[in-house]
Amino acid sequence: CVYADGRPIGNFIVDPNGEINVGAEYSVVIAGLNYYSIYESFPIVGGTQYGPTQTQKAQITDVRLDFFETLGANLGTSLTESSEIVFSEDDFAAQLDPWTGPKVVSFPRGTSRSPTIFIWNWQPTPTCIRAIYPTLEVFFP
């Protein structure tokens, strides 16, 4: 995967001399292999006036994530049950600056007796999470 001036520009083949031709001139070009960066939480447990939530059905409704110099991440319950976190609404920006600060993201899945948070990234871009604050809705019988 190749990034040029902070934007992904695609996959390229390395020639026998160890070089790639990206087809244009850029100030900064970064090439690397894709790899998974994965974080999976333990089941989220909270305390309520009715007691702990360990045996009750619960739903994570949204998650407040505090990022540090991050360019990409996905949020969900697994690799297949997740959605991309949008760091820029401008798909045609010349360059993306790394995101630092909080971001509130809707959680993409329903209820569970042991809800977990799964954050991952497949591209060679920085993903640094300083804090995770889930909002948990608990269903007592």
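Of note:
- Of residues in segment 65-82 being small (G, A, S) and within 10 Å of the chain's Cα centre (by Cα), the one surrounded by the fewest Cβ atoms within 10 Å (Cβ to Cβ): S82
- Scope segment 99-134; condition exposed (fewer than 15 other Cβ atoms within 10 Å of the Cβ), modelled with pLDDT under 90 and β-branched (V, I, T); matching residues: T111
- Screening S114, S83 for residues that are part of a strand (DSSP E or B), among the hydroxyl-bearing types (S, T, Y) and over 16 Å from P8 (Cα atoms) leaves exactly one candidate, S83.
- Here segment 32-53 is the region considered, the condition is being under 26 Å from E84 (Cβ atoms) and open to solvent by less than 70 Å² (accessible area, probe 1.4 Å), and the residue that is modelled with the lowest pLDDT is N34.
- Verdict on I85 being under 29 Å from A4 (Cβ atoms), surrounded by 13 or more Cβ atoms within 10 Å (Cβ to Cβ) and more than 13 Å from the chain's Cα centre (by Cα): no
The values are calculated or read from the model by the stated rules, or taken from the named source; none is laboratory data. From a predicted model like this one, the values you see are computed outputs, not experimental measurements. As a convention, Cβ positions derive from the backbone with ideal geometry for all residues, glycine included, and neighbour counts pool all protein chains shown. Areas reflect the complete protein model, heavy atoms only, side chains present, ligands, DNA and RNA absent. Shrake-Rupley method; radii C 1.70, N 1.55, O 1.52, S 1.80 Å.
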